[in-house]
Amino acid sequence: MQNSFSNLLQTFFIVACLTINACKDKPKPPDINTKEVTEISYTVATSGGEITNEGGTTIISKGVCWSSSANPTTSDKKTNDGDGTGSFSSSLTQLLPNT
């Protein structure tokens, strides 16, 4: 059960919810490493990641987005774990039990 939940989150994992400033030239995407989903409980889990390179733009928000549907976006549930490069940890809350 927890493995399927973890796999679901990892499969539809979120590349850190990034909001990027617009530029004249198309910027290179940031370099992001996602963390494994851990501390999975009935309605809460922990994840996060690390942004190692901004990719030619400024990271103004980083975090995790999730949904029980495929392809979550920032319109779905999300965390806000700061800005810029570096590691971040996200507490995913209000998860639906047994999903």
Length gained, ILE60-GLU39, 0.36 nm per residue minus C-alpha separation, equals 4.8 nm
With every protein chain in place, the accessible area of THR34 for a 1.4 Å probe, in Å² rounded to the nearest 10, comes to 80 Å²
Net charge near ASN71 (other residues with Cβ under 14 Å of its Cβ; Lys, Arg +1; Asp, Glu -1) is +1
Here the FRET efficiency for SER67 versus LYS28, based on Cβ atoms and R0 = 35 Å and rounded to 0.05, is 0.80
Distance in nm between LYS77 and ASN98 label points, each 7 Å along Cα→Cβ, equals 1.7 nm
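The values are calculated or read from the model by the stated rules, or taken from the named source; none is laboratory data. Because the structure is a prediction, the values reported are computed rather than measured. Ideal geometry is used to build each Cβ from the backbone, glycine not excepted, and the neighbour counts take in all protein chains shown. Note: areas computed on protein heavy atoms with side chains; ligands, DNA, RNA excluded. Shrake-Rupley method; radii C 1.70, N 1.55, O 1.52, S 1.80 Å.
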